[in-house]
Amino acid sequence: MSLETGFEVMVASCFGSLIQEAIHHWEVRERLELAKYRRLRRSIAYWGITIVMIGIAGPGAYYWFHGDPWPTARTAMLFGFAFPLLMKKVGTAFLDRGDLQLGASPAGIKSLLRAYLAIR
């Protein structure tokens, strides 16, 4: 089914991203029982980052496909599915590993973002 508007592309892409995140969290459910990840699972900021990753797949798809004929629903969903994975790779590629800390990590958005990227 070919999509006809940018809004449809954004919705299909966000849906693909949502599916990817759901599969990811199902896959890592055993690791989420560790104390560190148990705290993350209860963190509003962690889920905020997850929701942002799902949400930016839509505008990302809009700008990726804009100017071309709109893609099919399957293509937009696949783009959305891959978008969080690509952002994770970009994030870990530029993550400063020089300040690696063993033991308890400090609280804050930077440490939550690091944990989000590391749990993948």
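Taken together, the values in this text are just the output of simple stated rules run on the coordinates, not laboratory data. Keep in mind that what you see is a predicted model, and the values were worked out from it rather than measured. Here the Cβ positions follow ideal geometry from the backbone for every residue, glycine too, while neighbour counts run over all protein chains shown.
Summary table below
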{"read-out": "Ranked by how many other beta carbons lie within 10 Å on average, peptides 13-22, 79-88, 65-74 from highest", "value": "13-22, 79-88, 65-74"}
{"read-out": "The stretch 15-22 - phi-based ³J(HN,Hα) in whole Hz, Karplus 6.51/-1.76/1.60, Gly and Pro as x", "value": "5, x, 5, 4, 4, 4, 5, 5"}
{"read-out": "Distance (nanometres) between label positions extended 7 Å along Cα→Cβ at Arg74 and Val52", "value": "3.4"}
{"read-out": "Gain upon complete extension [Arg29, Ala93; 0.36 nm per residue less C-alpha separation]", "value": "20.5 nm"}
{"read-out": "Thr72 long-range amide H proximity, modeled H, under 5 Å", "value": "Leu3"}
{"read-out": "Backbone HN-Hα couplings from phi across the stretch 78-87 [Karplus 6.51/-1.76/1.60, Hz, Gly and Pro as x]", "value": "5, 4, x, 4, 7, 4, x, 5, 5, 5"}
